[in-house]
Every structure is written in structure tokens, then in C-alpha cells.
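The values are calculated or read from the model by the stated rules, or taken from the named source; none is laboratory data. Since we're looking at a predicted model, the values are computed, not measured. No Cβ is skipped: glycine too gets one built from the backbone with ideal geometry, and neighbour counts run over all protein chains shown. All accessible areas refer to the heavy atoms of the entire protein, side chains included, with ligands and DNA or RNA removed. Shrake-Rupley method; radii C 1.70, N 1.55, O 1.52, S 1.80 Å.
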Amino acid sequence: MAPGPILLIDDEKNIRLLAATVLKKAGHTVSAAASAKEALAQMESQSFALILTDYMMPEMDGIAFLEAARQR
């Protein structure tokens, strides 16, 4: 059984790209977002088995994002 898609959220581009590359090499399907707002938009059209989010981001931190995502 293939693992479900992962949503990776981090405002730091290098960290986001590195983490996505490692996860993809491990066989995962990864969607990346540079902000919580971008991630919430992606969640409108796709479901994810796992969400990995940065804690400290501008506009909306990781905890606020998870609360918003849970409400959806």
C-alpha cells in the first residue's frame, strides 16, 4: 500500500525544498506550501494523510494553521 500524500508547510524555502526532496526520495507524494494561507488553499482541493508544519511563520503560526485546518 502506497503512503498517502503529505502536505509540507514552511516559510523558509531551503528547508521546504530539502524536506520535500528527502520525503520524495523515501517514496512519498509531497505537496509543499510556503505559508499557512497557501496550505489551506491546497486543502480545498486535496486531502492529505499527514501535515508537517513549521511552528513559527508570518501571518499565521503552525498552531493557528492546525486549528483552522481541523475546522475544515
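For helix 13-25, what angle does its Cα long axis make with the longest principal axis of the chain, in degrees from 0 to 90 and rounded to 10? The angle comes out near 30 degrees. Taken along the Cα-to-beta-carbon direction at a fixed 7 Å, the label points for Gln46 and Lys25 span 2.1 nm.
Relative contact order of the stretch 1-42, taken over Cα pairs closer than 8 Å and 6 or more residues apart, is 48 percent. Taking a ≥ b ≥ c as the square roots of the Cα gyration tensor eigenvalues, the stretch 30-72 comes out prolate, since a/c reaches at least 1.5 and a/b is larger than b/c.
What is the stretch 6-47 by shape, rounded, prolate or oblate, if you read a ≥ b ≥ c off the alpha carbon gyration tensor as root eigenvalues and call it rounded for a/c under 1.5, prolate for a/b larger than b/c, and oblate otherwise?
Values: a/c = 4.12, a/b = 1.28, b/c = 3.23.
The shape class here is oblate.
Surface composition of the chain: carbon and sulfur atoms hold 56% of the protein heavy-atom accessible area at a 1.4 Å probe.
If I take every Cα pair under 8 Å that is 6 or more residues apart in the chain, average their sequence separation and divide by the length, what percent do I get for the relative contact order?
On the way: 100 pairs, mean separation 27.1, N = 72.
With pairs under 8 Å counted, the relative contact order is 38 percent.
Based on protein heavy atoms only, the chain ends up with 67 Å² per residue of surface accessible to a 1.4 Å probe.
Annotation note: chymotrypsin sites (Phe, Trp or Tyr not before Pro) in the chain located in DSSP loop regions with a Cβ neighbour count of at most 15 within 10 Å are Tyr55. Shape of the chain from the C-alpha gyration tensor: oblate (a/c of 1.5 or more and a/b not above b/c, with a ≥ b ≥ c the square roots of its eigenvalues).
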